[in-house]
Amino acid sequence: MSNGPHATDRSVPILDRVGDAFFALDGDWRFTYINDRAESMLKRSRRQLIGRVMWDEFPETVETQFPEGFHQAMEAQEPVSFEVYHNPLDTWFEANAYPSESGLSVYLRDITDRKERENELAQHARVVEAVHDGVLTVDDDDRIASVNEAIEETLGATRDELVGQPIRRLPELANIDSEGAMAIGEAIGTLQSGETSYQRFELSFTNADGEERIGEMRMVPLGEGLASVAGVIRDVTEQREYEETVDSLHEVTRWLFGAEDAAEICSVAVHAADELLDLPISGVWLIDDERGCLDPMAATMGAHTELGGLPQFYEGEGLIWDVYREGEPKMFDDLTQESDIYNEDTPLRSEIIVPIGTHGVIMTGSTRVEGFDDTDLELVSLLASNTEAALDRSDREKLLQDRKQSLARQSERLRAVADILSEDLQQHLDDVASEFDEESHDPAVTETLTRAEELVDDVLEFARDQSAMGSRSSVDFESALSDALDASIAEDMTVYLEFEGSVRAERARFVHMLETVFNDVTTRAKGDATVRIGPVEDDATGKPTGFYILDDAAAIPETEFDRVFEPETTTGSERSGLGLAVAREIAEAHGWEVDVSTGQASGTQFSVTGMVTFEVSQK
């Protein structure tokens, strides 16, 4: 009795209509029937195959599963099913063989596409298993369809515990916090609805060791199939801790820049190494150029405890000098393997040494071999870079302070010399003047004495430190102008003041400035002179920002404008004292700007601008 379908005359038309390839063999393995689909698949016609032995016509099948499967079916008289790859046709077949006493009926189905999909899925599965990130998929019923091995290690739940469970139970099974559970549910709903094609969020969970961890979850839709959503979870705890440490180190930079000197900067650096980087055995050495050594500046308590204090390193002593000379950070995993170690009895077994530019080095040690990793090296290098920037700034500030102090001392010495010279010269002038009777003295001598006294005043003003301003007060312009004219050498000068106003200034110096300008006009006039004084207004706002003094004396050539404010001796010159150089010094001491130009019609115009407190009450 037959165990399966077998070709008969009556069944032949039916077999020609089936979708699978079909052929029948007799007991000697000869073809007795082949349907249309088999002809197409085997690329041979019925006429070529009927009555011929299968193994003769297709000898390559002898090395496949066909002979074994067919013999098994005939001997046991039981149907067999197997998959086989036929190399000449580059095709995968699913073979189903049904035996009878007279032969064998065989159905062949081309499963090449299915096998390729399976191979592709298998490759994907191997990739998923190989990645270090945890991967899970969720089906249309919101159940966990699959997980990889990494997710078991990440979440601390086994594959058997997870697969098949509703996704809503994942937080319970994997110890994910409530916020993370809500984020997972919302992400799956959003992806399945088609609102978005990507979701990313972070969640907190507890791993198998009971440690609180941070995970980054990324989820994408997969479309139709066994799984509709895939999620990838990565443990980013160390990354987040690293980012927080880097942020804290940038905050340390503010402390470093706020330190007063190199010693305090080094103390801040080792404190940061201890508290922020968890490097309890750390110290900073700075170069002492005079003695040619690396001098310890600051160390953690752990460094003092383990090492009993920090040594000085003279050139060529230990690994620290090698790193300082080379200028590159280095990590030593096992100090017992290093030949250039400073102290063979050191309790340290590994070290990180990082140069602080040309200033020195920062060194941290561990009592364990391979006590550090690349992250430690990177963070210590960042701390060293910030420390270098702070030390550079400290050096610049110290250099600037030293320069200021040097200039202050020079200015003080200049003022002292000027005071001594002026007092001595004034005494001599007083002695000379007393020798002349008021009615009988020579006018030329009187002029000479007057100019000498003015020179003394100018020298004292010019030697004065601009930053040493006295107290300012509101100075009435007309009053100051009157005092300046009285003190000047002007005798026949007509002055037109075109406004009433005031300015905050050190009155005595402001009067001296005006006096100096009037003296300059007088020396150029050689007689009567007319001066007009008016406000200078801002072109944009129309507000007064200063004043001008316009005279009709002999004009200063434009070629001399750049030199008119330079101090020069009065020998061979008609200028009195140091001239307009003193006026400029007084103006700049107040923060004002001065300028000389040709007037709109003619004459020379002296302008003072940038006077923030200059006020005009009436024109």
Item to complete: Would you be able to tell me the number of residues in the range 360-394 that are of a type outside the set (A, V, I, L, M, F, W, C) and open to solvent by 40 Å² or more (accessible area, probe 1.4 Å)?
Response: 11
Fill in: Test result for TYR198, open to solvent by 40 Å² or more (accessible area, probe 1.4 Å) and in contact (Cβ under 8 Å) with a residue 60 or more places away in the chain
no
Item to complete: Give the residue that is least open to solvent (accessible area, probe 1.4 Å), with candidates limited to residues of the range 533-557 that are farther than 25 Å from MET493 by Cβ and not polar (S, T, N, Q).
Response: GLY542
Worksheet item: Could you count how many residues in the range 23-53 are under 19 Å from PRO67 (Cβ atoms), modelled with pLDDT under 90 and touching a Lys or Arg at 6+ places or on another chain (Cβ under 9 Å)?
Response: 1
Discussion item. Scan the range 558-581 and tell me whether some residue there is at pLDDT below 85, within 19 Å of ALA487 (Cβ to Cβ) and either of a type in the set (Lys, Arg) or not assigned by the TED database to the domain that holds ASP520 (or both).
Written reply: yes
Practice prompt. Output the number of the condition that ASP520 fails; it satisfies all remaining conditions of (1) over 18 Å from SER597 (Cβ atoms); (2) surrounded by 15 or more Cβ atoms within 10 Å (Cβ to Cβ).
Written response: (1)
Discussion item. Being under 15 Å from GLU216 (Cα atoms), of a type outside the set (Lys, Arg), assigned by the TED database to the domain that holds VAL220 and surrounded by 14 or more Cβ atoms within 10 Å (Cβ to Cβ) is the requirement here; does ALA145 meet it?
Written reply: no
Worksheet item: Under the condition of being in contact with a helix residue (DSSP H, G or I) (Cβ under 7 Å, 6 or more places away or on another chain) and either open to solvent by 50 Å² or more (accessible area, probe 1.4 Å) or part of a helix (DSSP H, G or I) (or both), which residue from the range 498-513 is nearest to VAL594 (Cα to Cα)?
Response: MET513
Discussion item. I'd like to verify a number: residues in the range 603-617 that are open to solvent by 30 Å² or more (accessible area, probe 1.4 Å) and at positive phi, how many?
Written reply: 1
Worksheet item: Here are some residues: GLY164, GLY215, GLY225. Which one is of a type in the set (Gly, Ala, Ser), at positive phi and modelled with pLDDT of 80 or more?
Response: GLY164
Practice prompt. Residues being in contact (Cβ under 8 Å) with a residue 60 or more places away in the chain and within 29 Å of GLU202 (Cα to Cα): count how many of those fall in the range 239-272.
Written response: 7
Practice prompt. Return the residue satisfying two criteria in turn: it lies in the range 480-496 and is open to solvent by less than 50 Å² (accessible area, probe 1.4 Å) and in contact with a strand residue (DSSP E or B) (Cβ under 9 Å, 6 or more places away or on another chain), and of such residues it is modelled with the lowest pLDDT.
Written response: ALA490
Practice prompt. Check off (1) in contact with an Asp or Glu (Cβ under 6 Å, 6 or more places away or on another chain); (2) open to solvent by 10 Å² or more (accessible area, probe 1.4 Å) for GLU560 and give me the number that stays unchecked.
Written response: (1)
Worksheet item: How many residues are assigned to a strand (DSSP E or B) and under 23 Å from SER40 (Cα atoms) when one looks only at the range 61-102?
Response: 14
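The values are calculated or read from the model by the stated rules, or taken from the named source; none is laboratory data. The model shown is predicted, which means the values in this text are computed figures rather than measured ones. Backbone-built Cβ (ideal geometry, glycine too); neighbour counts: all protein chains shown. Just so you know, the surface numbers come from the protein's heavy atoms only, side chains and all, with ligands and any DNA or RNA stripped out. Shrake-Rupley method; radii C 1.70, N 1.55, O 1.52, S 1.80 Å.
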